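Scroll down for the structure; my scribbles are underneath it.
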Amino acid sequence: MEQAAKTSRTLSPDRAHWRGLLEEAVREVFAMMLNTEIQPAPAGTEAPKAEFTAMVGLAGELCGVCVLRCTPAAAGLMASRMLGVDAEEAGEEKWDAVGEICNMVTGNFKNKLPGLSERCMLSCPTVIAGSDYQCRPMAGGQALSTTMIFEGTPVSVVLEINDMAPGR
């Protein structure tokens, strides 16, 4: 997804406001689920290296994938906040926490688009740990990305939109 964040694929005019909706969805989920306020990262902040990557697919009227990337420390802190345990004790719960946060961000974003909720389904989250892989978006898609600061650590959220069907 690193490539997708750097690619300059522009959104159609009717989707120009979606980046703001994505940032709002991220802020709301982190506030509700992790009891923390996060803000967009300062300009020039690099997205975190792909050590924990959660993906949730979208199918229906809106097709694509939402990807959340963070460091292992951020994943442990997410699990800690969600479960009320020490971040060092989070262990395997990191995987579930990162997946659930990505799932909730994706659902929150989808619900911000009028009438889309019932015409777009979400997949179960998939979580990958490690850094020796590449994700490539489908040709012809569009990307929205935002990097937010969570407890001093960058968290990246990328929404890849695949416009495969006519009229999209």
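Any aspartates and glutamates with Cα under 15 Å of the LYS112 Cα? List them, leaving off those in the same chain fewer than 8 positions away. Straight-line reach from LYS112, under 15 Å: ASP14, GLU23, GLU24, GLU28, GLU61. Computed from the C-beta positions of VAL85 and LYS49 and an R0 of 30 Å, the FRET efficiency is 0.75 to the nearest 0.05. Only helices enter the 222 nm calculation for the chain: every DSSP H run of n ≥ 4 contributes -39,500 (n - 2.57), and dividing by all residues gives -10000 deg cm²/dmol, rounded to 500. Ranking of THR53, THR36, THR146, THR106 by neighbouring Cβ atoms within 10 Å, starting from the fewest: THR36, THR146, THR53, THR106. For ALA41, the residues 5 or more places off, or on other chains, whose built amide H falls under 5 Å of its own are THR147, MET148, ILE149.
Across all Cα atoms of the chain, the radius of gyration (one decimal) and Dmax (whole number) stand at 15.2, 49 Å. Taking label points 7 Å from Cα along the Cα-to-Cβ direction, ALA129 and THR36 give a separation of 1.8 nm.
Each reported figure results from applying straightforward, stated rules to the coordinates on display, with no laboratory input. The structure displayed is predicted, hence computed values, not measured ones. Counting neighbours? That spans all protein chains shown, and the Cβs are built from the backbone with ideal geometry, glycine included.
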